[in-house]
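The values are calculated or read from the model by the stated rules, or taken from the named source; none is laboratory data. As the structure is a computational prediction, the values presented were derived from the model and not from experiment. FYI the Cβ positions are ideal-geometry reconstructions off the backbone, even for glycines, and counts take in every protein chain you see.
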Amino acid sequence: MNKNTEDKNLAFVTKFYRSRRLDCNEAMKRVMMNGERLALSERDETKWRKNVKRSTLIRIAASILLLISIGISIYLANKDDTVVISAADTARIVTMPDNSRIALRPHSELSYESSDPRTLRLKGDAYFEVARDEKHPFTVNNGVSTVRVLGTRFQITQNGRATTVYVSQGRVSFSANATRDSIILSRNQKAEIRTGNASPLLIPTGSPNQTAWATGTLVFKNAGIDEVVADLSLCFNKKFVAPKTSKRLTAEFKTDNLQEILNIIKETIGAEIHCEEQ
């Protein structure tokens, strides 16, 4: 290699060395810095992707919860509440949303759906004074029979042997659930459906005081002592006894004071009536 060529090569190296273009250390630093930036960028992107994924999952979960809440609200808004009314050891008087009045005998129960207070289920005995509504019949079902009316006064009683309906005013349809056989009852008529007999049968009306426990009024017209004792027992759900007497009783009593009734009967016909079950 001649001298001129060597001088040119030296000048080239010197030129770039002075401008740090051939500084290996500087080059390595730049490579390291770029690598760190790249690593940071990749971590940030990964973190960002995780945040986006988490945010998306949260939004989806929130949407699902919102839909569930809306569904529950709609269900509850359309769901009927069952109203249950019961009587404990004493009779209970209830005024229904349609202004019908019902008297429940002790230990009886009435239930209905809040959207339809004129369709009732009954366990036990009850007396009904039904507000008239020709567009919405009033029905009572006790599992054995169904009573259907528009507006009237009637009583339903039941025991292990039969379900009995007595009408004190108006007309009712009394039918057996098992066969749909029915009978129309008018004022002062009475019918029953006996266990094992799927059709309602007319029976003697019985005492006019059979609804006294609900109406609050006892009326005796030339009644013998046996009739008086029987009506008192039915009205107060207790067993009464009295000595025999030929005297007869004509009187009217409010049922809110039993002892006063017994005292007046004693003064009137001389019969001292005792209650065997206190």
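Against the condition part of a loop (DSSP other than H, G, I, E, B), of a type in the set (A, V, I, L, M, F, W, C) and under 32 Å from the mean Cα position of the chain (by Cα), how does Ala191 come out, does it pass? For Ala191, the condition - part of a loop (DSSP other than H, G, I, E, B), of a type in the set (A, V, I, L, M, F, W, C) and under 32 Å from the mean Cα position of the chain (by Cα) - is not met.
Yes or no, residue by residue, for (1) at pLDDT below 95; (2) aromatic (Phe, Trp, Tyr); (3) under 29 Å from Asn141 (Cβ atoms):
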{"site": "Phe174", "(1), (2), (3)": "no, yes, yes"}
{"site": "Asn177", "(1), (2), (3)": "yes, no, yes"}
{"site": "Thr195", "(1), (2), (3)": "yes, no, yes"}
{"site": "Val228", "(1), (2), (3)": "no, no, no"}
{"site": "Thr250", "(1), (2), (3)": "no, no, no"}
{"site": "Glu276", "(1), (2), (3)": "yes, no, no"}
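The residue that is surrounded by the fewest Cβ atoms within 10 Å (Cβ to Cβ), among those in the stretch 171-190 that are in contact (Cβ under 8 Å) with a residue 24 or more places away in the chain and within 18 Å of Val130 (Cβ to Cβ), is Ser173. Residues of the stretch 133-156 that are part of a loop (DSSP other than H, G, I, E, B), touching a strand residue (DSSP E or B) at 6+ places or on another chain (Cβ under 9 Å) and charged (D, E, K, R): Asp133 alone. If you go through the stretch 210-227 and keep only what is touching a Leu at 6+ places or on another chain (Cβ under 7 Å) and assigned to a strand (DSSP E or B), you end up with Phe220, Ala223.
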